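The next block holds one structure in the form of structure tokens; read it before the comments.
Bear in mind these aren't lab numbers, they're just calculated from the coordinates by the rules spelled out. The structure displayed is predicted, hence computed values, not measured ones. Here the Cβ positions follow ideal geometry from the backbone for every residue, glycine too, while neighbour counts run over all protein chains shown.
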Amino acid sequence: MGHWEEIEKPWYEVKIVNCSLCGRMIARRLWVVEEPERRVFCGEKCAQLAERREGEA
Ligand SMILES: [Zn+2]
């Protein structure tokens with residue numbers, strides 16, 4: 001579960017955001033997961049991987 005969010009602010013106003021899983025810098029589009037807490041990823045794949053890891057832990 002999640003959705004894309006566009007970063008619409010000019011680049012100089014945007015704080016650098018890193019993917020919660022792989023740490024990649026995200027420039028334009030975030031994959032946002034709101035449950036159980038808000039986290040951002042560089043894409044759906046990382047979100048799914050993170051979910052899977054948590055499932056195993
Ligand atoms: Zn990532």
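Treating only the Cβ atoms of Lys and Arg (+1) and Asp and Glu (-1) as charged, compute the dipole magnitude of the chain about its Cα centre; round to the nearest 20 debye.
300
Which value in deg cm²/dmol, rounded to the nearest 500, describes the helix-derived mean residue ellipticity at 222 nm for the chain, given -39,500 (n - 2.57) per DSSP H run of n ≥ 4 and division by the residue count?
It lands at -7000 deg cm²/dmol.
For the chain, with a Gaussian network of springs between Cα atoms less than 10 Å apart, report the residue from E13, E34, E44 with the top mean-square fluctuation.
E13
Among K15, K9, K45, which comes first, then next, by fewest other beta-carbon atoms within 10 Å?
With the fewest neighbours first, K15, K9, K45 line up as K15, K9, K45.
What FRET efficiency would be calculated for the residue pair E35, E13, taking the C-beta separation as r and a Förster radius of 35 Å, to the nearest 0.05?
0.80
Along the charge dipole of the chain, which of I26, P36, H3 sits closest to the positive end, that is, farthest toward it, with unit charges on the beta carbon of Lys, Arg, Asp and Glu (+1, +1, -1, -1)?
Result: I26.
What number, in nm² with one decimal, is the all-direction average of the projected area of the convex hull of the alpha-carbon atoms of the stretch 1-55?
Average of the hull's projected areas for the stretch 1-55 equals 3.6 nm².
Amide H to amide H under 5 Å from G43: which residues, 5+ apart in sequence or cross-chain, H placed 1.01 Å off N in plane?
It is W31, by chain and number.
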